[in-house]
1. Under 1.5 on a/c is rounded, so check that first for chain A, then, if it is not, pick prolate when a/b is larger than b/c and oblate when it is not; a ≥ b ≥ c are the square roots of the alpha carbon gyration tensor eigenvalues.
2. Would you mind ranking A:410, B:99, A:450 so that the residue whose beta carbon has the fewest other beta carbons within 10 Å leads the list?
3. Ignoring everything except DSSP H segments at least 4 long, calculate the 222 nm mean residue ellipticity for chain A; use -39,500 (n - 2.57) per segment, divide by total residues, nearest 500.
4. Rounded if a/c is under 1.5, else prolate if a/b is larger than b/c, else oblate: which is segment A:174-276, with a ≥ b ≥ c the root eigenvalues of its Cα gyration tensor?
5. List the relative contact order of chain B as a percent without decimals, with contacts defined as Cα pairs under 8 Å and 6+ residues apart.
6. In whole angstrom, how far apart do the alpha carbon centroids of segment A:141-155 and segment B:1-54 sit?
7. Could you give the angle, 0 to 90 degrees to the nearest 10, between helix A:59-76's Cα long axis and the longest principal axis of the Cα atoms of chain A?
8. Principal axis lengths of segment A:318-413 from Cα atoms, whole Å, largest first?
């Protein structure tokens, strides 16, 4: 087996902020990797993070883990790459991690060269790209328009291997990238060095969640060695084992198609991949294919305002009301909506969900059972914060005192706090399921180099 | 009456991006996998998830004894009427499926 281009990538964990086994990371550094790669986010936590360009994880958790990875980098003497910085990879989230990096550099008394890759897209340019037929629909189809693109609070394009390779070519010690595909930060260096393309992308996909593809997901750290014919995965956790089953089953995870994965410039096909146990904890994979595409496209993600929301909470414990809970909330929904329509001029929606009955699955629930109490969550959504609060305040007396029939004595239900309505502020929605065609992979991305020192 | 959860080792659902939901049914043996494939026919699964068989993608992965379904999310992740940000609860809708 030819291994002249052997490239070892150390992946500390599935995402910065999730934590990892520190001994496993130390073993990974001792294994002399060529690069340390970590993911900084995804869409999985919802549209708020891209909409606002803010981080899901606490600043102190990120700073603490990022400092340890920067120390590991200094020790290993190799580049450290983070993709999708600050949860969404929006420009402001990248700036946030750059600020944290500056603080750490100052505290460590270090000097580092940092490459910052930005993925944010100008709304106006995207509206023009749409009009010039450069933006293509993915499945399922989501209708868009130039106006919708203009209304996004943030649009990002997912960088692939080419953009990370550009950043690596600057000789940077640390690369802080905005939105990238989950795999790009891992696949970039093996591809640049001539490793097997199918193996590079497949290994990157297996590695992107850290030790999730092993028997000990919480150990975090894994090492993937890429070469001319495939890749080998070795967990760094003492107890963790990679088996042909854990590795091949990982293609199922969060993938709608377990055999194909689309990336900028082509797609990975693992239909013919073979998984071989080299020992009881190390797996070698060969036979994965990379299929280049005709056009170079990058996926777009966009988030825009979905209005303002106010949430109320009441707890119903009276057995008579618990037994008739659906009738009770239906009556409140109707009466409160009618009253609020007379008092506010703006459109709104009011929904009451029954916690403990079917709040999770709604109409799809087939096993709803009612216990001794029911939580009633009122959700008011409107175009302005003022209206969402106003309607929630109109809902308040119903949730506190609404009787099932006119004849009953006025009941009082449990409010867990005062006020019982809570403003959630602006809510966001993902509104793009599209790709952007590019003539040059760097066309939609910006690379800045910074020297940081204490 | 044998249900899908009786033959499966684990049923897991998760977002595959904001617009897709994917459900993996893990079985321990080939026999269990064959049973799961019979119980979880496309019409039953589509009906349980409130979609149509035409919108359901089905993958029978015999090498792993895994049956996988992917479908457009019933509500786009995080929008006003979405109830489950990560999509992990949808798996529960399939556990009670049976041949009857």
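Taken together, the values in this text are just the output of simple stated rules run on the coordinates, not laboratory data. None of the values given here were measured: they were computed from a predicted structure. All Cβ positions, even for glycine, are placed from backbone atoms using ideal geometry, and neighbour counts span all protein chains on display.
1. Values: a/c = 2.09, a/b = 1.82, b/c = 1.15.
Prolate, because a/c is 1.5 or more and a/b exceeds b/c.
2. Numbers: A:410 8, B:99 12, A:450 16.
Ordered from fewest to most neighbouring Cβ atoms within 10 Å, A:410, B:99, A:450 come out as A:410, B:99, A:450.
3. On the way: 13 runs with 142 residues, N = 454.
For chain A, the value works out to -9500 deg cm²/dmol.
4. Numbers: a/c = 1.39, a/b = 1.22, b/c = 1.14.
It is rounded, given that a/c, with a ≥ b ≥ c, falls under 1.5.
5. On the way: 185 pairs, mean separation 39.1, N = 100.
Here the relative contact order equals 39 percent.
6. Segment A:141-155 and segment B:1-54 have Cα centres spaced 34 Å from each other.
7. Approximately 10 degrees, to the nearest ten.
8. Principal-axis extents of segment A:318-413 (Cα, largest first): 38, 34, 16 Å.
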